[in-house]
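Visitor: I have a structure I would like to understand better, so I am pasting it below and will then ask my questions one at a time.
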Amino acid sequence: MKPSVTYLDHAATSPLLPVARTAMLEVLDGTFGNASSLHSPGHAAQNIVEDARSAVAKLINASPEEIIFTSGGSESNNTVTETFRGQKIAVSSIEHPSVLESSRARASEVIELPVDQFGRVDMGEISHASQLGVNLFSIMLANNEIGTIQPVSEFSRALQASDKPVYLHSDATQALGKIKIDVQALGVDYLTISAHKIGGPIGIGALYVRQGVPFKPLIIGGHQEHLRRAGTTNTAAIAGFGAAAQWCWDNWSCKKWVEVATLRDQLKSRILQTIPYSSCNSPDHGCLPNILNMSFRAAEGESIQLYLDADDVIVSTGSACASGDLEPSHVLMALHHDAEIAHSSIRFSFGLETTPADIDRVMSVLPKIIARLQGMSTIKLGESHEKPR
Ligand SMILES: Cc1ncc(COP(=O)(O)O)c(C=O)c1O
């Protein structure tokens, strides 16, 4: 990427950390063996995998045996819904498509729990659904489009009071590395994570499976991962994931993310103050420090993204997975039930390397882009500015 580029799409994927790259190159250049083989190169590869497993487990306060390596967040989510095939699954209506669509494809019934204007599931909805014989609840720890953090530990406490066995899965793909994650404190049975959101490589992730809970592999036909995920072990990618997890552990500092949140809030205020008809879709409280979702009435999200790209500012419209899709974001629709707000949204997502200069850069180009698009729009805008929430 050109050094002049302002990259504000970390929620789509983060740059590979140098430590992850080094760990991967050591495997690619040196440790050739198949981690399942019984010879010494195989043992060397297996040791690398087990070290990485320990680093990943430590980051979420799990035991290494409870970590299954997968190809990423999507596969981890699909593995959980496969485990509950033919059963009743309750999901928040703003889950990632790999939870929503895989639940719809596999469950006997899917109950979609509504969210409030900030993207939060109400505790009453959880209690109500638990009385309907739900077998699995899947509620993400933090949303990928707007950043809302769900009170998952409160949900797990409420479910523990249920008289029937009910399990809780949380997709923590976006939350990992941004907020502290402790599977014991959260009280979850399954937790999804992915390497490329924390500076590890794309194509590797993990599923935490609490000891003793139901489990059915998604990919069968091999004894890898203790018969829980078949396929020759991707040692280099796992080494990269382990190195990134260890880096997060060693460098964890809330202070750094508070600084990122400050930059995010500055961008939000400057946009709301400067750009007519702008509004914020991310909650003021209980939000990941690095995600800001804004709407700009009468300016189409994809056009804003393309104009910003031409000015070397990289952002996303809603989730990267939904880009290119003409349907409005299901997350924003669940919040506002307003297709115009959903179609005019942009997600800015920050990393630890984001600086005040990046915010200045956005503000040097964005107001002009929005003014141009609003000027070309057929939507009639009134005199008054959108009120900030
Ligand atoms: C919340 C969430 N879940 C799952 C995924 C899918 O993860 P992966 O890209 O590792 O398959 C993403 C990716 O953006 C995500 O944001």
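Visitor: Return one number: the angle in degrees, 0 to 90 and rounded to the nearest 10, between the long axis of the Cα atoms of helix 40-59 and the longest principal axis of the Cα atoms of the chain.
Guide: 50
Visitor: D for region 253-376, whole µm²/s, Stokes-Einstein with Kirkwood Rh over alpha-carbon pairs at 25 °C and 0.890 mPa s: what number?
Guide: So the translational diffusion coefficient is about 168 µm²/s.
Visitor: To continue, here is another question. Report, as a whole number in µm² per second, the diffusion coefficient that Stokes-Einstein gives for region 165-232 at 37 °C and 0.692 mPa s using the Kirkwood radius over alpha carbon pairs.
Guide: 247
Visitor: Next question, about the same structure. How large is the dipole of region 56-215 about the Cα centre if only Lys and Arg carry +1 and Asp and Glu carry -1, each at its Cβ, rounded to the nearest 20 debye?
Guide: Dipole about the Cα centre, nearest 20: 260 debye.
Visitor: Using a probe radius of 1.4 Å on heavy atoms only, what accessible surface per residue do you get for region 18-250? Whole Å² is fine.
Guide: That works out to 40 Å² per residue.
Visitor: Go ahead and run the numbers for FRET between Asp182 and Lys380, Cβ-Cβ distance against an R0 of 41 Å, rounding to 0.05.
Guide: 0.20
Visitor: From the phi angles alone, apply the Karplus equation (6.51, -1.76, 1.60; θ = phi - 60°) to region 207-212 and give each ³J(HN,Hα) in whole Hz, x where the residue is Gly or Pro.
Guide: 10, 7, 10, 4, 4, x
Visitor: Along its principal axes, what span do the Cα atoms of region 17-166 show, with the longest given first and each in whole Å?
Guide: Here the Cα extents, ordered largest to smallest, are 55, 31, 28 Å.
Visitor: Could you please state, rounded to a whole Å, how far the C-alpha centre of region 269-296 is from the C-alpha centre of region 4-36?
Guide: Going from one Cα centre to the other spans 32 Å.
Visitor: Modelling each spin label as a point 7 Å along the Cα-to-Cβ direction, I'd like the Gln273/Val5 distance in nm, to one decimal.
Guide: Computed distance between label sites Gln273 and Val5 equals 3.1 nm.
Visitor: With only alpha-carbon atoms counted, please give the Rg and Dmax of region 9-54, in Å.
Guide: 13.2, 43
Visitor: Ratio of the chain's C-alpha Rg to 2.2 N^0.38 Å, to two decimals?
Guide: 1.01
Visitor: What percentage of all Cα-Cα pairs in region 1-82 are separated by more than 14 Å?
Guide: Distances greater than 14 Å cover 76 percent of the Cα pairs.
Visitor: Could you list which residues have their amide H under 5 Å from that of Thr70, counting only those 5 or more apart in sequence or on another chain, with H placed in the peptide plane?
Guide: It is Gly205, Ala206, Leu207, by chain and number.
Visitor: So if each residue of separation counts as 0.36 nm, and I subtract the Cα-Cα distance between Ser63 and Ser37, what length gain in nm does that give?
Guide: Using 0.36 nm per residue and subtracting the Cα-Cα distance, I get 7.0 nm.
Visitor: May I ask you to evaluate 6.51 cos²θ - 1.76 cosθ + 1.60, the Karplus curve with θ = phi - 60°, for each residue of region 81-98 and list the ³J(HN,Hα) values in order in whole Hz, giving x for glycine and proline?
Guide: My calculation for region 81-98 gives 5, 5, 4, 9, 4, x, 10, 8, 10, 10, 10, 6, 6, 10, 5, 5, x, 5 Hz in order.
Visitor: Comparing Leu141, Leu332, Leu132, which has the greatest mean-square fluctuation in the GNM of the chain with Cα pairs linked when under 10 Å apart?
Guide: Of Leu141, Leu332, Leu132, the Gaussian network model singles out Leu132 as fluctuating most.
Visitor: If you don't mind, there's one more thing I want to ask. Sketch the reach of a paramagnetic label on Asp338 as a point 7 Å from Cα along Cα-to-Cβ, and name the residues of region 102-138 whose backbone nitrogen lies under 19 Å away.
Guide: Backbone N within reach: 115-120.
Visitor: Follow-up question, since we're still on this one. Whole-Hz Karplus ³J(HN,Hα) for region 217-233, in order, using 6.51 cos²θ - 1.76 cosθ + 1.60 and θ = phi - 60°, x for Gly and Pro?
Guide: x, 7, 10, 10, x, x, 8, 4, 6, 6, 6, 9, 7, 6, x, 4, 4
Visitor: For the chain, modelled as a Gaussian network with Cα springs under 10 Å, which listed residue fluctuates most, His336, His226, His43?
Guide: Checking each option, the largest mean-square fluctuation is seen for His226.
Visitor: Further question: Can you compute the helix-only [θ] at 222 nm over the chain? Use -39500 (n - 2.57) per DSSP H run of at least 4 residues, normalise by all residues, nearest 500 deg cm²/dmol. Intermediate results must be reported in sequence, preceding the final value.
Guide: Numbers: 14 runs with 158 residues, N = 389.
Mean residue ellipticity at 222 nm (helix-derived): -12500 deg cm²/dmol.
Visitor: Expressed in nm to one decimal, what extension gain is obtained for the pair Glu353 and Thr232 from 0.36 nm per residue of sequence separation less their Cα-Cα distance?
Guide: Working: separation 121, 0.36 × 121 = 43.56 nm, distance 3.50 nm.
Between Glu353 and Thr232, full extension yields 40.1 nm more.
Visitor: What range in the chain is the longest one free of chymotrypsin sites (Phe, Trp or Tyr not before Pro) that are in a loop by DSSP and have at most 15 other Cβ atoms within 10 angstrom? Please list the in-between numbers first.
Guide: Working: sites that count: Phe32, Trp252.
Answer - 33-251.
Visitor: While we're here: Under a GNM of the chain (C-alpha, springs under 10 Å), which listed residue has the highest mean-square fluctuation: Glu112, Glu145, Glu353?
Guide: Glu353
Visitor: What dipole magnitude, in Debye to the nearest 20, does region 182-319 give about its Cα centre under +1 on Lys/Arg Cβ and -1 on Asp/Glu Cβ?
Guide: 400
Visitor: Return the percentage of antiparallel bridges among DSSP beta bridges fully within the chain, rounded to the nearest 5 %.
Guide: Of the beta bridges lying entirely in the chain, close to 55 percent run antiparallel.
Visitor: Angle, helix 235-250 long axis vs. longest principal axis of the chain, Cα atoms, 0 to 90°, nearest 10?
Guide: Helix 235-250 sits roughly 60 degrees off the main axis of the chain.
The values are calculated or read from the model by the stated rules, or taken from the named source; none is laboratory data. Being a predicted model, the structure only gives us computed values, none of them experimental. When we count neighbours, we look across all protein chains shown, and the Cβ atoms used for this are built from the backbone with ideal geometry, even at glycine. Just the protein is used for accessible areas: all its heavy atoms, side chains included, with ligands, DNA and RNA removed. Shrake-Rupley method; radii C 1.70, N 1.55, O 1.52, S 1.80 Å.
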